[in-house]
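What follows is one structure encoded as structure tokens, with my remarks underneath.
The values are calculated or read from the model by the stated rules, or taken from the named source; none is laboratory data. Keep in mind that this is a model prediction, so the values were computed, not measured. All Cβ positions, glycine included, derive from the backbone under ideal geometry; neighbour counts span all protein chains shown.
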Amino acid sequence: MSTLLLDDANAIAYRWTPPAPGRPSAVFYNPLTGDFGMWEAAIAPALRTAGIGTLVWNYRGQKESPIGADVPITAAQVTADAVRLLAEVEPPLPIHVGHSIGGYFAIRAREAGAVATGFALINTLRADGPRLAWLNDALVACARVGGLPLLRDLYAPLLFGEAWQRANRDNFLKGEGYAPLPEDAADLRLLQAGGTADWAIAWETVDLPVTVLTGREDRVFLDTTVVENILARLPQATAILVESAGHMLPAETPDVVIEAVRSLAEQVERLP
């Protein structure tokens, strides 16, 4: 584990493994809840075995990445941290791999000057509107009432596909552990950052290979019309639809994500 110190109260925890000579690197972006352990469970190790470099990191406020109490957590702040970390590490031929809003941070980081050779966007594509705004506010309200345990119990059957639900149902709805998150809690501040994202992205300008992975059983974020419209605007898009999984593809179908990034790496290596 390495740490990029920003000041006495702020730091970014990350783990960087360089690629084999001439091979690309995968730069991972988390959702707002959780940490980079999601990638390290299976996906990042498999890519390293294939010679692809990996950079995993936690946003400020996530595990081992402290943030000062006076620092607002916003989408712009997370994006700026990504740019700063990438300038520090300088991974060669970076392919940005983002899950959920993590894909948004990846796209915005490139707009802000970060080098990119391609993107893998996992259940990322969405558009601003009343439904997304309501959803962002509801997630925050849920955490205020019962913390992350209540949020997981309420949203897991909507975020995960049925196969994962059958295998993991006994780990939820234990009937204990619900407690409100205080207003200064990092987890609550991270969730609030979701409402600061501006999804009016100029997708036509993302003129790089982009693989879009979508879980058909995502009952929260998936809007098929939005996904189809954005896919049509991306100049070099490849779409992968996973029929029997939901929003959490890195946990539900890691092999699909691994193969998608491997294929994207090979595509990047063939570019002039």
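Data for the structure
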| item | result |
| --- | --- |
| Selection status of residue 220, touching a Phe, Trp or Tyr at 6+ places or on another chain (Cβ under 7 Å), β-branched (Val, Ile, Thr) and in contact (Cβ under 8 Å) with a residue 24 or more places away in the chain | yes |
| Hey, residue 269 closer than 18 Å to residue 105 by Cα, surrounded by fewer than 16 Cβ atoms within 10 Å (Cβ to Cβ), in contact (Cβ under 8 Å) with a residue 12 or more places away in the chain and not small (Gly, Ala, Ser) or not | no |
| Residue within the range 51-60 that is in a helix (DSSP H, G or I) and either of a type outside the set (D, E, K, R) or touching a residue at least 12 places away in the same chain (Cβ under 8 Å) (or both) present | no |
| Test: residue in the range 227-241 that is under 26 Å from residue 114 (Cα atoms), within 17 Å of the chain's Cα centre (by Cα) and in contact (Cβ under 8 Å) with a residue 40 or more places away in the chain | yes |
| Residue within the range 130-152 that is of a type outside the set (Ser, Thr, Tyr) and closer than 28 Å to residue 52 by Cβ present | no |
| Failed condition for residue 31, given (1) in a loop (DSSP other than H, G, I, E, B); (2) closer than 22 Å to residue 124 by Cα; (3) in contact with a Pro (Cβ under 8 Å, 6 or more places away or on another chain) | (3) |
| Matching residues, the range 71-103, being over 27 Å from residue 23 (Cβ atoms), in contact with a strand residue (DSSP E or B) (Cβ under 9 Å, 6 or more places away or on another chain) and not in a helix (DSSP H, G or I) | 71, 73 |
| Qualifying residue in the range 172-193 (condition: in contact with a Phe, Trp or Tyr (Cβ under 6 Å, 6 or more places away or on another chain), of a type outside the set (Asp, Glu), in contact (Cβ under 8 Å) with a residue 60 or more places away in the chain and surrounded by 17 or more Cβ atoms within 10 Å (Cβ to Cβ)) | no |
| Complete set of residues in the range 81-95 that are in contact with a helix residue (DSSP H, G or I) (Cβ under 8 Å, 6 or more places away or on another chain) and of a type in the set (Val, Ile, Thr) | 83, 95 |
| The range 104-135, residues that are farther than 16 Å from residue 218 by Cα and either part of a helix (DSSP H, G or I) or at pLDDT below 95 (or both) | 104, 105, 106, 107, 108, 109, 110, 111, 130, 133, 134 |
| Filtered residue count, the range 48-64, keeping only those that are surrounded by 16 or more Cβ atoms within 10 Å (Cβ to Cβ) and in contact with a strand residue (DSSP E or B) (Cβ under 9 Å, 6 or more places away or on another chain) | 11 |
| Close pairs from the range 1-18: first more than 10 Å from residue 66 (Cα to Cα), partner polar (S, T, N, Q), Cβ under 7 Å, at least 6 apart | 14/2; 15/2; 16/2; 17/54 |
| Members of the range 34-47 that are surrounded by fewer than 22 Cβ atoms within 10 Å (Cβ to Cβ) and outside any loop (DSSP other than H, G, I, E, B) | 37, 38, 40, 45, 46 |
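Here's the yes/no breakdown for (1) more than 30 Å from residue 111 (Cβ to Cβ); (2) buried (at least 17 other Cβ atoms within 10 Å of the Cβ); (3) of a type outside the set (Val, Ile, Thr):
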| residue | (1), (2), (3) |
| --- | --- |
| 147 | yes, yes, yes |
| 156 | yes, yes, yes |
| 195 | no, no, yes |
| 250 | no, yes, yes |
